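The values are calculated or read from the model by the stated rules, or taken from the named source; none is laboratory data. Just so you know, these numbers come straight off a predicted model, no measurement behind them. Glycine gets a Cβ as well: all are built from the backbone with ideal geometry, and neighbour counts include every protein chain shown. Protein only, heavy atoms only, side chains kept; ligands, DNA and RNA dropped before computing areas. Shrake-Rupley method; radii C 1.70, N 1.55, O 1.52, S 1.80 Å.
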Amino acid sequence: MDLIKIALGDYPRYEELLLRKDKFEKEAFMWYEEYIKTFGKYLIEVFEAKVECIRLKKMIAFAQAEVNKGHTPDKEAINALVGLQMQSYYEELKSMVKQHEDSKKSILIPQHEIERIKKIYREIAKILHPDINPETQRDETLKDLWNRVVIAYKCNKLKDMEELQVLVNKALTDKGFDKSKIVIENIAEKIIKLEEEINRIITTDPYNFKFLLEDKEETAQRISDLQDEKKQYDGYRKELENILSELTGE
């Protein structure tokens, strides 16, 4: 009985910190999407230019090795070999392009819907969050419902959240869930860890992208810097192309 009283005494603080952490994590995700939407085009262009320079440097290294042996470099064979070594870069580039395309598909959600989603999430999280209700991890039905809630919350799907709230309440009622019997072990330690995690989230990227994106001058400067970086890579690429041409006799 004493254990329950102690846990419930710290419980409101623990609960609030969990909800704050989830809120900041969602905001960080949204700022990341906005960052990709705003700068994705320029980031992709820079990365493409950088990857091409890496490819040319590898081509030059293989060609130089052949010249050192007294052989005439076979550019086609070297190109095929380098192509295999470049696959990870091409996969990363493909991922960047997809993320940018996905970010452009995001829909602006009315503020009143966002607030409604937040309210429903808080109500559900207080009774279903795995760090609050241990049964959520043990019960497959509750675990599935929680996973669906997290997805709907992050994707700002109001209709899904409203439907899930009904399903969650029914599932907990059917299982005879009693919130007053929740006991969080080592709650003081968990509170400290939550405070540390929240501080980490709000002091690092992607959450801190918000300060860049909310400043129009800084945003314009960032775009300009990325454009300048691409120009530098373009200039370097031309130098590498000339070196490769000399080695291969083209």
Could you please give the count of residues in segment 72-93 that are assigned to a helix (DSSP H, G or I), in contact with a helix residue (DSSP H, G or I) (Cβ under 9 Å, 6 or more places away or on another chain) and of a type in the set (Ser, Thr, Tyr)? 2
List the residue pairs whose Cβ atoms are under 7 Å apart, where the first residue sits in segment 131-142 and is within 17 Å of ILE184 (Cβ to Cβ), the second is assigned to a helix (DSSP H, G or I) and aromatic (Phe, Trp, Tyr), and the two are 6 or more positions apart or on different chains. THR136/TRP146
Name the pairs: first residue in segment 35-51 and free of Cβ contacts under 8 Å to residues at least 60 places away in the same chain, second residue among the hydrophobic types (A, V, I, L, M, F, W, C), Cβ to Cβ under 8 Å, at least 6 apart or on different chains? ILE44/LEU93; ILE44/MET96; ILE44/VAL97; PHE47/LEU93; PHE47/MET96; GLU48/LEU93; VAL51/MET86; VAL51/LEU93
Out of curiosity, is THR219 without any contact (Cβ under 8 Å) to a residue 60 or more places away in the chain and either of a type in the set (S, T, N, Q) or open to solvent by less than 40 Å² (accessible area, probe 1.4 Å) (or both)? no
Listed by first then second residue, the pairs whose first member lies in segment 18-32 and is open to solvent by less than 20 Å² (accessible area, probe 1.4 Å), whose partner is not in a helix (DSSP H, G or I), with beta carbons under 6 Å and at least 6 positions apart or on separate chains, are LEU18/HIS129; LEU18/ASP131; ALA28/PRO206; ALA28/TYR207
Total residues in segment 196-229, condition within 17 Å of ALA28 (Cβ to Cβ) and part of a helix (DSSP H, G or I): 12
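Could you pull out the residue among PHE47, PHE62, PHE39 that is in contact with an Asp or Glu (Cβ under 8 Å, 6 or more places away or on another chain), crowded, with 17+ Cβ neighbours inside 10 Å and at pLDDT 95 or above?
One residue alone meets the criteria, PHE47.
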